[in-house]
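This report refers to the structure that appears directly beneath it.
The values are calculated or read from the model by the stated rules, or taken from the named source; none is laboratory data. The structure presented is a predicted model; accordingly, all values stated were derived computationally and were not measured. Here the Cβ positions follow ideal geometry from the backbone for every residue, glycine too, while neighbour counts run over all protein chains shown. To get the accessible areas, we keep the full protein, side chains included, count just its heavy atoms, and leave off ligands, DNA and RNA. Shrake-Rupley method; radii C 1.70, N 1.55, O 1.52, S 1.80 Å.
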Amino acid sequence: MEEIELGLVYDPKLVWVPTKYKPNQVTQFITLMQNINMKIKSAAKEASIAASAAYKFNRQWASNNQRILPGYVPISEVRPKQNNLKISKDHSQFLEEYIEKNPTCIIKDATEELFKAFDDMKINESAVYRHVRNKLSFTLTRTQPRVIARNSEDTIESRRQ
């Protein structure tokens, strides 16, 4: 099949949001639909795109007034993850001292104390857990509540029989 150009211009204000399909596949799909007037399913098959994804790309293309290729997003709409903050040496030292002082603490308590000590800190509990386990080399054990009836006279007597 011959190469057909869509005639799009690179816009530095747009960013490709990673999807399963590459930008050239999406471009080929839109080109086949616009220039050759292929149906969505046959254009998707030619571009090696699943039909469900093709319909989604077609909706995105139509909603953007056929100006922005599906999969591209304006930079202003891309937000960095706020929970991806790295734990600094000060944070790490604080966590280590806190866990040494409170060996029976739970991750939720350690995270709350970290927030109290460092006001600008924004991190989730799973990141604190990974840091304590991997970087500080602490072994964490899961505790289970014990029922009082476990040690009653009847229960102890039944174990002996």
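A compact table of results
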quantity	calculated
Cβ-Cβ under 8 Å pairs, at least 6 apart or on other chains, region 142-161 side more than 30 Å from residue 107 (Cβ to Cβ), far side open to solvent by less than 100 Å² (accessible area, probe 1.4 Å) and in a helix (DSSP H, G or I)	155/149
Candidates 156, 148, filtered to the one that is out of contact with any His (no Cβ under 9 Å at 6 or more places or on another chain) and open to solvent by less than 100 Å² (accessible area, probe 1.4 Å)	156
